[in-house]
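The values are calculated or read from the model by the stated rules, or taken from the named source; none is laboratory data. Model, not experiment: these values are computed from the prediction. A quick note on method: Cβ atoms are made from the backbone with ideal geometry, for glycine too, and the neighbour counts reach across all protein chains shown. These area figures cover heavy atoms from the full protein model, side chains too; ligands, DNA and RNA do not enter into them. Shrake-Rupley method; radii C 1.70, N 1.55, O 1.52, S 1.80 Å.
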Amino acid sequence: TTLLYREDGLYHTPKGDFEVFREYEYRHNTENNCLELFFVESGETTYLFLSLNFGNVDTDPGDAHTKRSNNNVFEATSDHLCINDLYKGTFRMEVNGIMASQVEMEYNVKGPEKDYTAITTLVPL
């Protein structure tokens, strides 16, 4: 099973803004029971970005980071080294029955020229 995912955005520079995008292919690896994220470039799947094995998270109602008070939260982490930049990915998924009620993707990026955190939250409409 695969899912194609595309992020679009604006990159701000002192000389102006320009549009950017990145495409991924999400695959369920049945042999390892994990979710694998591959880069897609020019319409072709290229190389592995992250491999995620989800486990149940025991959450604390007072936990300011997850802000969840039930045990229907699953989390996976994975790292990706891109030359000198380390991408630490954390994916959290809150499940209500058989549906995901919220998915949060967090990337902490550190390198010689990079030091930022990007958080994306997906919820059903």
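A few comments on the model shown:
- Scanning the stretch 102-119 for residues that are surrounded by fewer than 14 Cβ atoms within 10 Å (Cβ to Cβ) and under 21 Å from ASN53 (Cα atoms) yields ALA118, ILE119.
- Test for ASN53: is it under 14 Å from the mean Cα position of the chain (by Cα) and at pLDDT 95 or above: no
- Of all residues in the stretch 87-121, those being of a type outside the set (Ser, Thr, Tyr) and farther than 16 Å from ASN72 by Cβ number 14.
- Per-region count, the stretch 86-99, residues loosely packed, with under 15 Cβ neighbours inside 10 Å and touching an Asp or Glu at 6+ places or on another chain (Cβ under 8 Å): 1
- Subset of the stretch 5-17 (residues that are more than 13 Å from the chain's Cα centre (by Cα) and open to solvent by 100 Å² or more (accessible area, probe 1.4 Å)): ASP8, LEU10, TYR11, HIS12, PRO14, LYS15
- First in the stretch 79-102 and under 18 Å from VAL57 (Cβ atoms), second anywhere and acidic (Asp, Glu) and assigned to a strand (DSSP E or B), Cβ under 6 Å, 6 or more apart: LYS88/ASP79; THR90/GLU106; ARG92/GLU75; ARG92/GLU104; SER101/GLU94; GLN102/GLU94
- Flag if LYS88 is at pLDDT 90 or above and basic (Lys, Arg): yes
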